[in-house]
Amino acid sequence: MTVKIFLNEDEIPRQWYNIAADMPTPMQPPLHPGTGQPIGPEDLAPVFPMNLIEQEVSQERWIDIPDEVLDKLLIWRPSPLYRAVKLEQHLQCPVKIYYKNEGVSPAGSHKPNTAIPQVYYNKVFGIKRISTETGAGQWGSALSFACNQFGLEAKVYMVRISFEQKPYRRLMMNTWGATCIPSPSTETEAGRSILAKDPNSPGSLGIAISEAVEDAVTSEAQGRPSTRYSLGSVLNHVMLHQTIIGLEAKKQLKIAGDYPDIVIGCAGGGSNFAGCAFPFLADKIAGKEIQVIAAEPFSCPTMTKGIFAYDFGDTVQMTPLLPMHTLGHSFIPAPIHAGGLRYHGMAPLVSQLILDGLIEPRAIHQLETFNAGVTWARTEGFISAPETNHALAAVIQEAKKAKEEGKEKTILVNWSGHGLVDLAAYDAFFQGKLTDYEMPQDEINEALKALEGFPKPKM
Ligand SMILES: *Cc1c(COP(=O)(O)O)cnc(C)c1O
């Protein structure tokens, strides 16, 4: 029986797939928060290099992957596609389960798939230094790795509570030569203003984004090497870079002689899910019957309980307004262990496809995710990131549903990363310290009040 399918290096996809070209409903533009008018590329120029801004707004269906980018992606790509045979035998359900292993990258997740091209485009644009934020450190470590590969400086603002509690990803960043400081910091206006109000602030992703953006836009004036900001999820060009996952998976499934009935991923900002699902959604838009599920935590239910609205990407309100599913930019989710899924917004592309009925969002409880992760480790062997466990829980739900309905199903899941730096979360689970936490509706309503008076997107 086939257990894993590798592609040769020369079979790596040479183009990314841009779903913007095939959207059934056209995307609504980001707005300038001051004027309420659509922003133009020049508004973003202090923050991102123009070549990435062009990708952000591109309507081209296929975009060439530069050779220099392919050269770096080949360090770990094409990634293997596995058949989860041991899990199938354990579940005894009429399903075939395939998973794309994105844990084989140097940083251990899908995130280097976009870190590498983002740093490359900055480099060819003449940028010498990149600022970014990180929560638990997955994105900071991916960007540090990519900056090191291309010889750029990296400055990472890491949410303070994670900086103190989770040293290992910070040490990965340092090993790749990056500077990582706790946020809020005294190095930016945004950080200083938060610390003035609360010297013991644990920080949040929204605050760290504000600091990293400020770092980029003030670098020239402050005599630092030319700097731009980089975001690891949510934006269109990030979804684009991640489509290499689904494009490879399609080729691999073809070799296996299969095609999925169901595609599943976990969604924080939406990028690993989109990367796996968008190439299959292209077929769904063209009429193919296929179910596409995005799994999120009940404690940060952006897609299932948030509203589709224009909102800021950050807490200090420095970013443009994006049309997306959101819990409000001031929302601070419960400290669950899936740090990568604790973001108040969702990628605009994913949000629009939910509205169009092409993507099915699903919230999952924390204990169910860890149970799924432990079942996975004790069958397939690999230890998954807590984020990834949300997708695995959805896989098990669908397998059981197939059995109840007496239908045979083929499932593809994106295994977004390994959990070898997250074992403290497994420890807490084994010690019975984790609980299920569902965001109460009145707290959600309260957080959404922050959006009163904002421009509304068309529904
Ligand atoms: C960051 C992360 C996620 C969530 O981010 P997306 O942009 O939604 O993919 C999921 N899984 C892993 C392993 C991550 O590191």
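Descriptive notes on the structure:
- Tallying residues that are buried (at least 16 other Cβ atoms within 10 Å of the Cβ) and either over 20 Å from V263 (Cβ atoms) or hydroxyl-bearing (S, T, Y) (or both) within the range 354-367 yields 2.
- Of all the listed residues (F163, F150, F145), the sole one being over 22 Å from the mean Cα position of the chain (by Cα) and on the phi < 0 side of the Ramachandran plot is F150.
- Residue that is within 11 Å of the ligand (Cβ to nearest atom) and either at pLDDT 95 or above or over 25 Å from A338 (Cβ atoms) (or both), where the choices are A286, A309, A295: A295
- Evaluating A286 against the criteria (1) touching a helix residue (DSSP H, G or I) at 6+ places or on another chain (Cβ under 6 Å); (2) surrounded by fewer than 24 Cβ atoms within 10 Å (Cβ to Cβ) leaves one unmet condition, (1).
- Subset of the range 260-273 [within 16 Å of the ligand (Cβ to nearest atom) and farther than 27 Å from F454 by Cα]: V263, I264, G265, C266, N272, F273
- P333 meets all of the listed conditions (1) assigned to a loop (DSSP other than H, G, I, E, B); (2) open to solvent by less than 10 Å² (accessible area, probe 1.4 Å); (3) in contact with a Cys (Cβ under 7 Å, 6 or more places away or on another chain) but one, namely (2).
- Taken over the range 166-178, the residue count meeting the criterion of being surrounded by 23 or more Cβ atoms within 10 Å (Cβ to Cβ) and either of a type in the set (A, V, I, L, M, F, W, C) or more than 20 Å from the chain's Cα centre (by Cα) (or both) is 2.
- Single unsatisfied condition, G257 versus (1) open to solvent by 10 Å² or more (accessible area, probe 1.4 Å); (2) within 13 Å of the ligand (Cβ to nearest atom): (2)
- Total residues in the range 136-161, condition within 16 Å of the ligand (Cβ to nearest atom) and within 11 Å of S230 (Cα to Cα): 4
- Just one residue in the set I411, I383 is more than 16 Å from the ligand (Cβ to nearest atom), more than 30 Å from G36 (Cβ to Cβ) and hydrophobic (A, V, I, L, M, F, W, C); that residue is I411.
- Residue match in the range 408-419 (condition: assigned by TED's automatic domain parsing to the domain that holds T326, hydrophobic (A, V, I, L, M, F, W, C), surrounded by fewer than 14 Cβ atoms within 10 Å (Cβ to Cβ) and out of contact with any Ser or Thr (no Cβ under 9 Å at 6 or more places or on another chain)): no
- Pick from the range 18-44, criterion under 28 Å from R129 (Cα atoms) and in contact with a strand residue (DSSP E or B) (Cβ under 9 Å, 6 or more places away or on another chain), ranking: modelled with the lowest pLDDT: P33
- Hey, A309 farther than 21 Å from I207 by Cα and either in the same structural domain as A372 (by TED's automatic domain parsing) or in a loop (DSSP other than H, G, I, E, B) (or both) or not: no
- In the range 82-135, residue farthest from the ligand (Cβ to nearest atom) [restricted to those that are of a type in the set (S, T, N, Q) and open to solvent by 30 Å² or more (accessible area, probe 1.4 Å)]: Q92
- Being within 30 Å of R169 (Cα to Cα), part of a helix (DSSP H, G or I), touching a helix residue (DSSP H, G or I) at 6+ places or on another chain (Cβ under 9 Å) and open to solvent by 40 Å² or more (accessible area, probe 1.4 Å) is a condition met by no residue of the range 432-455.
The values are calculated or read from the model by the stated rules, or taken from the named source; none is laboratory data. A quick note: this is a predicted structure, and the numbers were derived from the prediction, not measured. With ideal geometry, Cβ positions are generated from the backbone for all residues, glycine too; neighbour counts draw on all protein chains shown. Calculation scope for accessible area: heavy atoms of the full protein, side chains included, ligands and nucleic acids excluded. Shrake-Rupley method; radii C 1.70, N 1.55, O 1.52, S 1.80 Å.
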